Structure formats: C-alpha cells, structure tokens
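Q: Shown below is the structure under consideration.
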Amino acid sequence: MFAILLSEKMDPFYQNIASFPTAFFTFFLVICLLYWLVAVLGFVDLDVLDFDIPDVDGELGVNQTDLSTPDMLAGLMLKLGLYGVPVTIIVSFIALFGWFICYFIVHFFFGLVPDGLLRYLAGLPVLLGTLYVAVMLTALVIKPIRPLFKKTSQNIVKEVLGQTAIVRTSKVNNSFGEVFLADGGAGLIFKARSTGDEVFNKGDRVVLLEYMEVENVYRVISEKEFLN
C-alpha cells in the first residue's frame, strides 16, 4: 500500500494537490485532519474554535457601535447557513468539498492552461467559485444534523450546573471570562460571568449556577459562597 503512494504513478496526483488553486484547500484539509487526530486522542475539545453564532430566529448579535471582526463573521456565517454545529466541523466540510471539486477541475482542465502567470489568473476564479460551492454544500449537509448538537448542548447544560470549575482567563467579571470544567476527558471550556461587581482571578474555584441561553454564558459564584 505504501509502495503505491511512493510510486511514480502518484506524481500527477501530488502535483495537482500541491498546485494552485488546489493547494489552498489541501492546506486546510491537512490542518483539519491533524486537528481531528488530536481530538480523537482527547487533547482538544470539539468546539475549541467556536464563537457565538445566534439562532436563526434571533438577532444577528452584531453590535452596531462596534462592528468587530467576530461579530461580522458570525453574521455572515448565519446568513450562509453555517451555524448550529461546531465551527471545526464546518471548516472541515468546506475544506473537504473544496478539495474534491478543485482537484478534479485542475485534473481535467488545467492541463490546457500554461504554467506561470496565466495559471494563477485562471486559478483565482476557480478558487473563489469552488469556495462558494463548498460553502453551499456544507450548509446543506449540516442542516439535518443541527438538532443533534442542540440536544447535546441542552444535556450538557443540565449536567454541569452546580459543578465546580476553574477560572482559566486572567479574570471573570460581569462582562468577561472563561472557566474550565474537568469532565474526565479533555475538559470543557465555558464562557462565564460573575454576579454584580464580583471579580474572580485565574485559578479561582467557582460554581456554575445558571445558564443564560441568549448570551450563551454561565453565571458563576464562588465555591465558598455556594457551599455556605
């Protein structure tokens, strides 16, 4: 098997996946494969790259007075139908679909395009068009599996409330912070907010008291206060 991968017959395949524009998707596909390998081994969590994307029936969640990059990206993903599942799965599907489409376009048609500047000029619209098609296919694929992740999220909320977590950011206050909850595996990371003006520092032990669905954060109090 490995002898076939190293044979000269595979040279055209390697040339296609390493040439523009296929190389763009090859890079991200390799990154995704490495990520999933590490995730299977339990070193990272499934939603390690996630950020807030509101429900389709809600507001976009974009602060009109502070159009930050995450806000605009979340709004764009919502409009494209890329929501409801972890971002890592979305990126993996886009990379996979884009790689297949781009590979066969290059394989069947780019032999007619001379190397050099013309190849890059021809490759740019192919890259953009392939990326768009890959995004649309991904939106279709993840649509039927969104309810599965929503149900899982609801189950996690029920299980973690009342449990003790550790502050992992420099602080947790009423507008900022994250906590880490050991679950026997890679652990879970949640966005957390304190009550009132209370501030917790990195390493402090807090209890997950309430889940605020709209903000997608957990309200926390000190472990000492919870036990009293």
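Q: Restricting the search to the stretch 115-145, which residues are open to solvent by less than 40 Å² (accessible area, probe 1.4 Å) and more than 16 Å from S19 (Cα to Cα)?
A: G129, A134, V135, T138, A139, I142
Q: Within the stretch 81-108, can you find the residues that are modelled with pLDDT of 85 or more and part of a loop (DSSP other than H, G, I, E, B)?
A: Scanning the stretch 81-108 gives G81, L82.
Q: Filter the stretch 165-174 for residues that are open to solvent by 40 Å² or more (accessible area, probe 1.4 Å) and among the hydroxyl-bearing types (S, T, Y) and give the result.
A: Our first condition is that a residue be open to solvent by 40 Å² or more (accessible area, probe 1.4 Å); within the stretch 165-174, this holds for 166, 168, 170-171, 174.
Across the stretch 165-174, the qualifying residue is only S170.
Q: List every residue pair whose Cβ atoms sit under 9 Å apart, with the two residues 6 or more apart in sequence or on different chains, where the first one lies in the stretch 199-219 and is closer than 16 Å to I156 by Cα and the second, anywhere, is aromatic (F, W, Y) and surrounded by fewer than 18 Cβ atoms within 10 Å (Cβ to Cβ).
A: V207/F226; L209/F226
Q: Right, something else. Can you tell which of G177, G162, G185 is surrounded by fewer than 15 Cβ atoms within 10 Å (Cβ to Cβ) and on the phi > 0 side of the Ramachandran plot?
A: Of G177, G162, G185, the one residue that is surrounded by fewer than 15 Cβ atoms within 10 Å (Cβ to Cβ) and on the phi > 0 side of the Ramachandran plot is G162.
Q: Regarding the stretch 64-80, can at least one residue be identified that is assigned to a loop (DSSP other than H, G, I, E, B), modelled with pLDDT under 55 and hydroxyl-bearing (S, T, Y)?
A: yes
Q: Tell me, which residue of the stretch 70-105 that is without any contact (Cβ under 8 Å) to a residue 40 or more places away in the chain and open to solvent by 60 Å² or more (accessible area, probe 1.4 Å) is nearest to W36 (Cα to Cα)?
A: That would be F100.
Q: Among the numbered conditions (1) surrounded by fewer than 16 Cβ atoms within 10 Å (Cβ to Cβ); (2) under 26 Å from P86 (Cα atoms), tell me where F190 comes up short.
A: Against the list (1) surrounded by fewer than 16 Cβ atoms within 10 Å (Cβ to Cβ); (2) under 26 Å from P86 (Cα atoms), F190 comes up short only on (1).
Q: Restricting attention to the stretch 106-125, which residues are of a type in the set (A, V, I, L, M, F, W, C), farther than 20 Å from V30 by Cα and in contact (Cβ under 8 Å) with a residue 12 or more places away in the chain?
A: Matches in the stretch 106-125: F110, A122, L124.
The values are calculated or read from the model by the stated rules, or taken from the named source; none is laboratory data. Just so it is clear, the model here is predicted, and its values are computed rather than measured. Because the Cβ atoms are built from the backbone with ideal geometry, glycine has one as well, and the counts that use them run over all protein chains shown. With ligands, DNA and RNA removed, areas are computed over all heavy atoms of the protein, side chains included. Shrake-Rupley method; radii C 1.70, N 1.55, O 1.52, S 1.80 Å.
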